[in-house]
Amino acid sequence: MTATFDFSGKQVFVFGGTSGINLGIAESFAAAGADVAVASRSQEKVDAAVELLGKAGGKARGYALDVRDADAVEAALADHAEAAGGVDVLISGAAGNFPALANGMSPNAFKSVVDIDLLGSFHVLRAAFPHLNKPGASVINISAPQAFLAMPMQSHVCAAKAGVDMLTRTLALEWGPLGVRINSIAPGPIADTEGMRRLAPTKEIERQCIASVPVRRLGTVSEIGDAAMFLSSPAAAYVNGVVLPVDGGWSVAGASAAALAMTSPHMS
Ligand code: NAP
Ligand code: COA
């Protein structure tokens, strides 16, 4: 069930918004009346998302780019701002993940995730700032429980997402006085996503994961969309600089036990 919000006339830009959780967020805003732009590397995925979002609500626009390319991110945001008149809601969610032991990973493997998740988020936030409609803009970084739960096979993601959350907190201090709120959402295990396909590739690992979630089920992409709309709505006008877990209580359910249930089967 999707909550009711009205984002008619608002401009939303979702980086990494062409599949999974971020596409779900884009669809939620489109269904609530917003014009939505998405960006990711694959032109094919961008085209498919634009077609889907166009059917869901307002105008849709897409950009094929890599968030590791600061110039490409800057150009897309400038183009979007000129065409659409700025950005009311910015979502930074592009990310990479694969399970690997730290001592089994090449320097480039670790770097690729940090470059996409952390440096890529910085590129997006920095380039978007001049185009954010102030006061009133809402910025959301898509984080993960790995930012505050140590998980084996996830050193790259833990380090990168912890950095993303510190960007959220730091920019809440810098941008709050200018009328821009910035928060993180840390989704728990979400059904039918690439992240779950990579971290819980078998029914047995998925079953163990579900057993470690207090509400005893996986989350849905629309539940993350609801949280993103809440954080960007007037109902959250005084919420700034928080990391909001949307995880059925997973991150408080004996934190390390929950994390181990997810990733330790990869080690056997
Ligand atoms: P996903 O479908 O693979 O989403 C990742 C998105 O980012 C895709 O649109 C991908 O499209 C894009 N992307 C990847 N690398 C990029 C790059 N270098 N430049 C630009 N775009 C890039 O995975 P997901 O599982 O839904 O994850 C979405 C977000 O939720 C991520 O931030 C992830 O860390 C977070 N999260 C997921 C879960 C979960 O249960 N799935 C849990 C916690 C947090 P292209 O391939 O076209 O680039
Ligand atoms: N284990 C160990 N190392 C791995 C790996 C794995 N499973 N997968 C990739 N790598 C290494 C590669 O070998 C390479 O290192 P090398 O140059 O020393 O050989 C490095 O990571 C970069 O890989 P490459 O495929 O060139 O990077 P890319 O930029 O094309 O892709 C990834 C980035 C690796 C993060 C890729 O998985 C991706 O595109 N992910 C996006 C989708 C996703 O992860 N969704 C879930 C989000 S939660």
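The values are calculated or read from the model by the stated rules, or taken from the named source; none is laboratory data. Quantities reported herein were computed from a predicted structural model and do not represent experimental measurements. Using ideal geometry, Cβ is built from the backbone for each residue, glycine included, and neighbour counts are taken over all protein chains shown. Heavy atoms of the whole protein, side chains included, go into the accessibility calculation; ligands, DNA and RNA do not. Shrake-Rupley method; radii C 1.70, N 1.55, O 1.52, S 1.80 Å.
Exactly one residue out of Gly225, Gly241, Gly248 is under 25 Å from Asp117 (Cα atoms), within 13 Å of ligand 1 (Cβ to nearest atom), small (Gly, Ala, Ser) and not in a helix (DSSP H, G or I): that is Gly248.
Can you tell me which residue within the range 19-50, out of those that are touching a helix residue (DSSP H, G or I) at 6+ places or on another chain (Cβ under 8 Å) and among the polar types (S, T, N, Q), is nearest to Pro189 (Cα to Cα)?
Pass one, the range 19-50, residues touching a helix residue (DSSP H, G or I) at 6+ places or on another chain (Cβ under 8 Å): 19-21, 23-32, 35-40, 49.
Adding the requirement that they be among the polar types (S, T, N, Q) leaves 19, 28, 40.
On the way: Ser19: 16, Ser28: 19, Ser40: 22 Å.
Out of the qualifying residues, it is Ser19.
When each of Ala137, Ala109, Ala147 is tested for being modelled with pLDDT of 95 or more, within 9 Å of ligand 2 (Cβ to nearest atom) and of a type in the set (Gly, Ala, Ser), the lone residue that passes is Ala109.
Figure legend. Inter-residue proximity from the range 75-98: first residues at pLDDT 95 or above, second residues among the hydroxyl-bearing types (Ser, Thr, Tyr) and part of a strand (DSSP E or B), beta-carbon distance below 8 Å, spacing 6+ or different chains. Indicated pairs: Ala76/Tyr63; Asp79/Tyr63; His80/Tyr63; Asp88/Ser138; Val89/Ser138; Leu90/Ser138; Ala94/Ser40.
If you go through the range 38-75 and keep only what is away from ligand 1 (no atom under 13 Å from the Cβ) and assigned to a strand (DSSP E or B), you end up with Ala60, Arg61.
Just need a number here: residues in the range 104-152 that are within 14 Å of ligand 1 (Cβ to nearest atom), over 20 Å from Arg68 (Cα atoms) and not hydrophobic (A, V, I, L, M, F, W, C). Counting residues in the range 104-152 that are within 14 Å of ligand 1 (Cβ to nearest atom), over 20 Å from Arg68 (Cα atoms) and not hydrophobic (A, V, I, L, M, F, W, C) gives 2. Among the residues in the range 160-175, are any under 15 Å from Phe13 (Cβ atoms), away from ligand 2 (no atom under 14 Å from the Cβ), of a type in the set (Val, Ile, Thr) and within 14 Å of the chain's Cα centre (by Cα)? Scanning the range 160-175 turns up no residue that is under 15 Å from Phe13 (Cβ atoms), away from ligand 2 (no atom under 14 Å from the Cβ), of a type in the set (Val, Ile, Thr) and within 14 Å of the chain's Cα centre (by Cα). From the list Ile190, Ile185, Ile205, which one is in contact (Cβ under 8 Å) with a residue 40 or more places away in the chain, within 29 Å of Ala72 (Cα to Cα) and not polar (S, T, N, Q)? Answer to the check: Ile185.
Against the condition closer than 21 Å to Ile182 by Cα and in contact with a strand residue (DSSP E or B) (Cβ under 7 Å, 6 or more places away or on another chain), how does Gly17 come out, does it pass? When the stated conditions are applied, Gly17 passes them.
From the list Leu218, Leu244, Leu260, the one residue that fits, being free of Cβ contacts under 8 Å to residues at least 60 places away in the same chain, open to solvent by 20 Å² or more (accessible area, probe 1.4 Å) and out of contact with any Phe, Trp or Tyr (no Cβ under 8 Å at 6 or more places or on another chain), is Leu218.
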